[in-house]
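So the structure is just underneath, and the comments pick up after that.
The values are calculated or read from the model by the stated rules, or taken from the named source; none is laboratory data. Just so it is clear, the structure is predicted and the values come from calculations on it, not from any experiment. Note: ideal-geometry Cβ built from the backbone for every residue, glycine included; neighbour counts use all protein chains shown. Please note that ligands, DNA and RNA were not included when accessible areas were found on the heavy atoms of the full protein model with its side chains. Shrake-Rupley method; radii C 1.70, N 1.55, O 1.52, S 1.80 Å.
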Amino acid sequence: WFGTDFAGAFQEKVVVGADRVFVLDREKCKLSDVQLGAIPCSYGTAEAMLLRAGVTSEMKVCVPGASGGVAGAVIDLCARARGVVEVVAIVGKGKGKLLEEAYEGLRVRIVEGRWGEQGWKDAMADLAGTVDVVVDNVGGSGVNDLLKTLKRGGKYVTSGAIAGAEVNVDLRTLYLNDLSMLGSTEWGAQTFPNLVSYIEGDRISPQVTKVFALKDIAKAQEEFLDKTSKIGKFVLTP
């Protein structure tokens, strides 16, 4: 990754292998450059998780931490690109309205409540044994509850743990229900070609919250850290 594994994220020109270059058909692409800039790496991470978990249109998917960048991509890729039966998006208090506006007309059910709150408890009771796949980048204390929402043979997939990486899991929930827990970091060969096909097929719509000039990157970071009243991505432009 540029910026983590090696330098180059702020260069005007870079050299990469031909297998890392993807060409979009501009006649088919309806997204702006700003929207396209909002796709990596959230959408790549999200698509890799969905491929690993084998998510299809016949499934019901639960997404905690739904206001985050990767979670938002998961919702978009499930509801728009795949047309799943239902996405249950769990979000903190005060953000439900923002998600309702963002995903209006799609099969997305919004639930407000963090772990330990009544909204969370009610949602977990309602979802018990009904979910095919949980896509979780939150982790922390809610993992056991989320496992109980899965159907027999269901899958829990994660690529992050913003609320805590070390969790206590009741193994009885895991083995008595034939569940699978999956980790996801590396993108498979099909990940980005899939995204290109979704873009050209007008099957995804990245949520862009705000656009900043590159010179204002410090201001963008300050606003990014205030997560109380926004969803979607910040995009930097030259």
Let a ≥ b ≥ c be the square roots of the eigenvalues of the Cα gyration tensor of the range 100-188; is it rounded (a/c under 1.5), or, if not, prolate (a/b larger than b/c) or oblate? rounded
For residue 138, what residues show an amide H to amide H distance below 5 Å, using hydrogens built from the backbone and excluding near sequence neighbours? 162
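If you stretched the chain out fully between residue 225 and residue 117, how much longer would it get, using 0.36 nm times the residue separation minus the C-alpha to C-alpha distance?
Extending this stretch completely gives an extra 36.6 nm.
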Tell me which residues come under 5 Å, amide H to amide H, from residue 150 once H is placed; ignore anything under 5 positions away on its chain. 129, 131
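Ignoring everything except DSSP H segments at least 4 long, calculate the 222 nm mean residue ellipticity for the chain; use -39,500 (n - 2.57) per segment, divide by total residues, nearest 500.
-8500 deg cm²/dmol
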Once you order the gyration tensor axes a ≥ b ≥ c over the Cα atoms, which shape class does the range 168-228 get: rounded for a/c under 1.5, otherwise prolate or oblate by comparing a/b with b/c? oblate
Could you state the accessible area per residue of the range 60-143 in Å², with a 1.4 Å probe and every protein chain left in place? 37 Å²
Taking the Cα centre of the range 55-122 as the origin, how large is its charge dipole in debye, to the nearest 20, when only Lys and Arg (+1) and Asp and Glu (-1) carry charge on their Cβ atoms? 100 debye
Hey, got the dipole for the range 1-142? About the Cα centre, +1 on K and R Cβ, -1 on D and E Cβ, debye to the nearest 20? 60 debye
Euclidean distance of C-alpha centroids, the range 117-154 and the range 1-62, integer Å: 28 Å
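Just tell me the longest site-free run in the chain, where the sites are trypsin sites (Lys or Arg not before Pro) in a DSSP loop having at most 12 other beta-carbon atoms within 10 Å.
On the way: sites that count: 13, 26, 28, 30, 93, 227.
With trypsin sites (Lys or Arg not before Pro) excluded where exposed in loops, the chain gives 94-226 as its longest stretch.
When the accessible area of the chain is computed with all protein chains present and a 1.4 Å probe, what percentage of it is carbon and sulfur?
Numbers: 6780 of 13020 Å².
Carbon with sulfur: 52 percent of the solvent-accessible area.
Please find the FRET efficiency linking residue 216 to residue 7, where r is the Cβ-Cβ separation and R0 is fixed at 30 Å, and quote it to the nearest 0.05.
For residue 216 and residue 7, the calculated efficiency is 0.90.
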Apply the Karplus parameterisation 6.51 cos²θ - 1.76 cosθ + 1.60, with θ equal to phi minus 60°, to every residue of the range 168-185 and state each ³J(HN,Hα) to the nearest whole Hz, in sequence, with x for glycine and proline. 9, 10, 6, 4, 5, 4, 5, 7, 6, 10, 6, 7, 10, 10, 10, x, 9, 10
Can you bin the range 47-169 into rounded, prolate or oblate? Criterion: square roots of the alpha carbon gyration tensor eigenvalues sorted a ≥ b ≥ c, rounded for a/c under 1.5, prolate for a/b above b/c, oblate for the rest. rounded
Among 99, 32, 45, which residue has its Cα furthest toward the positive end of the charge dipole of the chain, with +1 on Lys/Arg Cβ and -1 on Asp/Glu Cβ? 99
